[in-house]
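J.: Here's a structure for you.
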Amino acid sequence: MYIFFECQRSTERHLIGLKSSETIPGKPFEKLECPESLLILFRSGIFTLDKLSLNLNICESHRAELGLNWRRGKVQCTYPDHNDGSKAKADRGANPTVCKELWLKTRQILPIGSEICKQCSTKHKKTVSSHLEVNFKDELVHLQKILQILNGDDGQFYELNREDLGKDSCSDDVMDTESSEPFSCYTGGTSQETCSQDWLEAQRTPREKLNKAMEILSSTFQPLQSQLQKPWNSISNSMRSYYSKKTFECVEIVLSIIAPNQECFLLESMYKKFSKTQEMCEIDQTTKTIINAYNNVTDSRTQTQILSLIVNSFTKAELQKLIPGISLFKIDSARKHALVTGPGHIINKPKVYRMKLTKPKLTHFIEFIMNPLYSSVVGFGQTVLKLSSNEKIPIPKVIRNLIHARIISIYQSFCKEYDFETFSRASLYRILKVCHASKQRALQGLDNITAAGMNSIDMLSKLVQKLETFGMSQPESKSLTDIIQLINQFLKYEYKSHLNRLDGCTDHCTTMALSDPTEPKFSASCNHNHERQCEKCAMVESCLDMINEKINQIEIPTTILEEMKFEMEMAEKHLMEWKKHLLRTVHQESARRNILKSLTTKQALVIMDWAMKFLPFQYRETQSEFFGKKGFSWHISCVITTSKENELDLQCYIHILENGTQGWFSVANILVNLLDQLKTVNPEIDELFLKSDNAACYHCTNLLSFIQQNNAIFPILIKEYNFSEAQSGKDLCDSKTGTSRLHIYKYANEGHNVVSSSADMKIALDSHCGIRGTQVSIISVNQDDEPHAKVKIPGISMLNNFTFGGEAITARKAYEVGEGLMIKTSTDPHLSMECVYKMKVVQPFPGPNEQPAKGTVTIPITRNDTDGIDNTCNNEEQRPIEPVADVNSNESEYNMPYFCCPDDSCDKVFAKSCNLEMHLTIGNHNYRTNPVSCLDTAVQIYAGQCESVLSYNETLVHCTSEDQHNINMGEINEKGGWALKGKRLTARFSENVKKYLQNICISCEKTGTRPNYYQLSEELRKVTDENGQKMFVKKEWLTPSQIRGYVAQFISKSRANITASKVPRVELCEVSVDEDEKLSAIVNMLDVNELNSDVSSIVTDVFSSYQQNVFRVPEPQVKYTPPPRQCPGSQ
């Protein structure tokens, strides 16, 4: 056991750890040490310092618990007035001064060291009164005086008279402060005890005052231990019983003093009044929600409806008390509403959509925008329109060919021409917004076959216009134009979805289309019949036959007819090549899908591609630095592996080429380095499948022969190499290229430059933990080491799939079509590993322990050929109530007059003015509730128009392809192998064509312009000589691709000749001042002589012209001496 004044352990480190140390005012770095006895007393709730409190006993466990072993229980701010919504963090502890001031102010105990925030600390300092401020230094002085007395003269020590304080036990008053009377508070001075007692009497809490009063009134009353702070329903039954008992005791004592022996009568009277007040309180609680709803509404009519629910339950005076500010008129209106229509009955009028956008005008505008010039309905795909009622209307996919602003401008001009009154510009924008359609956009990077096919569509449209000029009827011209547009949409969006290896249509079966009938090893037989025919696929041939027939039927001048036939041949050729290209693209993509579906944990698929060169990029780039950049070559390799069933992992390897070109030699070195890295990272991989496009650096004899010759010594065996069609099959590489390029730009935007070398590019790609699943390496390939091999693979341009065996390569023209041709390549020493793999790795890939996280790949799902257009038609829209005379919305005459009621709320429309006048005279307006808004009406009309256009297109296709149903089986069998690549025929250009094109190239080089190859092709067909005869015959006409190739070849040769014959530059040397002055004099003399000779020649010419006249004028001797001219820089 310990006495408090004997507890003198050091608390400095304890309070520093709690951030609760006391500092000397004005000296923040000097701290006051709080005695252990004072620390325990304040934490116990005893804030009075006298001999009585310091002589209390405390046990060892309580001393440790309240002293140096005290720990915080919460991490949040524990200040009593802390705002619960505040996000301020508790960053300090409560010091003894704050704890005592809080107790003097609110009688609440806050242990020393408790967590408080900065806001509460500042708030406490501002709100504490001046007479409650505590000077901790004075507290320590006062404590020191008491300790001197207790440790000094025994005569000054007086015994404790309290019965509950024993020397053999820990004092209970230390732990229970609620039941003890407060002691005197010392704040300094000689009369501290007297002043503190007077102030304490004024600062007693209500509970203390009640206990004091009850002690005076009755000696048997036990003090109230605590006040009820929690809700009555949340406390326990024992607490309820305690507070009920204390309440009854207090009331009984008071009643016995007020009315002795009549306590029952007084209690009964008080109970009646209390019951009435309680009933009133319960009513207020019931109507609280209704009153809040009334106060939150601003509309007067709605307030009347809400007030009518309770208006008859209270008097006007009571309602004015419940709802301050309510008028008597409002109460009377609510009572009238409750009496007439019923309490709370809705009297608002139903919402009526004003028909400002009349239906005939909406139909007129929507029919205009559905013109094929402005919108194209696609046969593949679907768009869902949503009404304001969240109802969904599916329509065919529509592509809008012009932007909204141009469509509206054209429509307004059209309406102005026909004197048709239409909507405002803003209303037209709103209609176009709800009638959603995709927008036509410009495309870059199309492959040449697709671009030529699209140009053939334009060429066919121009041919139809020419045929109409020479006598073809307008309906036939319109029908052919619509068919050509349908063919364009069909080949762009829908044809790929029709293709399947097991289809019964000759245009859909890829196996039959890619089987070579002349070579059995490149041919495969189908297990199904080809008796079915697709109307849309047959429409392509039918349209071409119809145009050819019209060209032969119509009388056209010979010169123009020859040009039209040539254009027709080119258009037909390019259109069919486009169709074949689409079929080969879909078939070759099946190689990747099949490999991914059957991929094992010991196999991997690698997709390779050269990314577009990355141009240097600076954070702050000047104009001179912007031009003349040299890009960095980088190669992307996407490796797909599998770890679990249906889960594929993607890893990307980027090779940045510091030196070298994008040729087969660089690809071979990159491939060997990639195989070594894959074997290091994934030792379990044994087989590899390669896939890339058919670029010359991949699809070449040298690379394939190198793989076959060294496949046995590669760390991973390459099993297959499948080539895709142009601009397809490398979507993963394109995605990684875009992500990597964006990552570099973000790095540069942070203030870095990617300029000097490929090392900057690698640093940018590896910045911020790099890109997920991507590794970067820098390599250098010396092109001087490229070997010159003599191995050849005949017909390699026609072969697309290669399987590497032990002795030979199995080649196929199409994936899994035929058994393939066995090609044995001879062993070339120039293609050995030692001669080819001479790459220098500047910066390698990360090691096996530094691999980044892998990406994920989703296996693409093959679309069935049965997927097509949803032929289900939409239900007819709900038509409004028929007016007296409605307008025929399908009328083609746009200038037909119709008359709408001028009242916006009336939705009647009349075909005759007399009917409108009769309607206005009678006043029989149709103010019915229209459940559909004007914009919803526009959406419904738009959906109907889209369905009608689709239906028209289907009818047109059916009529066009009717004649194709009579094709016999013999003609069908002849179509085997129709989609295979054809051999290019080389044609020699005539000397006249070469000279003509060379002159154009020279003029373009001088002017810096670039020739338009399509215009040049047309110019060769139309250019004439001086006699009006055409300069070139049909055999000399060239296509745009032929002209492009010749121009590129001529420019490259010209530049090579210029480089070879380049004259070395003359070096300028510095001269002295004397030599500079001599040079200036020589220049002046030369100028004078030149001017004299010029003047002499002019005079001679004039004199000779006059010699023919009668007068003979002697030749004048004129000498002109100009003033000397100073050279720049001379004095």
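J.: Starting with the fewest neighbours, write out Tyr996, Tyr429, Tyr79, Tyr418 ranked by other beta-carbon atoms found within 10 Å of each beta-carbon.
T.: Final ranking by Cβ density, sparse to dense: Tyr418, Tyr429, Tyr996, Tyr79.
J.: I need the calculated FRET efficiency for the pair Leu267 and Asn312, taking r as the beta carbon distance and R₀ as 35 Å, to the nearest 0.05.
T.: For R0 = 35 Å, the calculated efficiency reads 0.45.
J.: Please order Phe626, Phe910 by the number of other Cβ within 10 Å, starting at the fewest.
T.: Taking fewest neighbouring Cβ atoms as first place, the list is Phe626, Phe910.
J.: Okay, moving on. Among 690-697, 1086-1093, how do they line up by average Cβ neighbours within 10 Å per residue, starting with the highest? If you can, show how the numbers build up before the last one.
T.: Numbers: 690-697: 19.8, 1086-1093: 12.2.
In descending order of packing, they fall as 690-697, 1086-1093.
J.: How long is the gain from Thr298 to Arg240 if the chain were fully straight, where each residue apart is worth 0.36 nm and the alpha carbon distance is subtracted?
T.: Length gained, Thr298 through Arg240: 16.4 nm.
J.: Let me ask you something else. In what sequence, highest mean first, do 61-73, 289-301, 42-54 appear when ranked by Cβ atoms within 10 angstrom?
T.: For the peptides 61-73, 289-301, 42-54, the packing ranking is 42-54, 61-73, 289-301.
J.: How about region 977-1034: which trypsin sites (Lys or Arg not before Pro) there lie in a loop by DSSP and see at most 10 other Cβ atoms within 10 Å?
T.: Sparse-neighbourhood loop trypsin sites (Lys or Arg not before Pro): Lys983, Arg984, Arg988.
J.: Enter the Cα centre distance for the pair region 1-80 and region 735-783, rounded to the nearest angstrom.
T.: Using only Cα atoms, the two centres lie 62 Å from each other.
J.: Are there GluC sites (Glu not before Pro) in region 584-671 that DSSP puts in a loop and that have at most 16 other Cβ atoms within 10 Å, and which ones?
T.: Taking region 584-671 and a limit of 16 other Cβ atoms within 10 Å, the loop GluC sites (Glu not before Pro) found are Glu621, Glu645.
J.: Determine the relative contact order of region 448-581: mean sequence separation of Cα pairs under 8 Å and six or more apart, normalised by residue count, in whole percent.
T.: 38 percent
J.: Now a separate question. By per-residue mean of other Cβ atoms within 10 Å, what is the highest-first order of 669-681, 1040-1052?
T.: On the way: 669-681: 19.3, 1040-1052: 15.5.
With the highest mean Cβ count within 10 Å placed first, the list reads 669-681, 1040-1052.
J.: Under the classification rounded if a/c is under 1.5, otherwise prolate if a/b is larger than b/c and oblate if not, where does region 478-633 fall, given a ≥ b ≥ c as square roots of the Cα gyration tensor eigenvalues?
T.: It comes out oblate by the Cα gyration axes.
J.: May I ask you to list the trypsin sites (Lys or Arg not before Pro) in region 524-622 that are in a DSSP loop and have at most 16 other Cβ atoms within 10 Å of their Cβ?
T.: Lys602, Lys613, Arg620
J.: Going by how many other beta carbons lie within 10 Å of each one, how would you line up Thr518, Thr78, fewest first?
T.: Taking fewest neighbouring Cβ atoms as first place, the list is Thr518, Thr78.
J.: Further question on the same structure: Using R₀ = 41 Å, calculate the FRET efficiency as 1/(1 + (r/R₀)^6) where r is the Cβ-Cβ separation of Ser525 and Lys496; round to 0.05.
T.: Efficiency, from the Cβ-Cβ distance: 0.95.
No lab work stands behind these numbers, since they all come straight from the coordinates. All values derive from a computational prediction rather than experimental measurement. Positions of Cβ are generated from backbone atoms using ideal geometry, with glycine treated the same way; all protein chains shown enter the neighbour counts.
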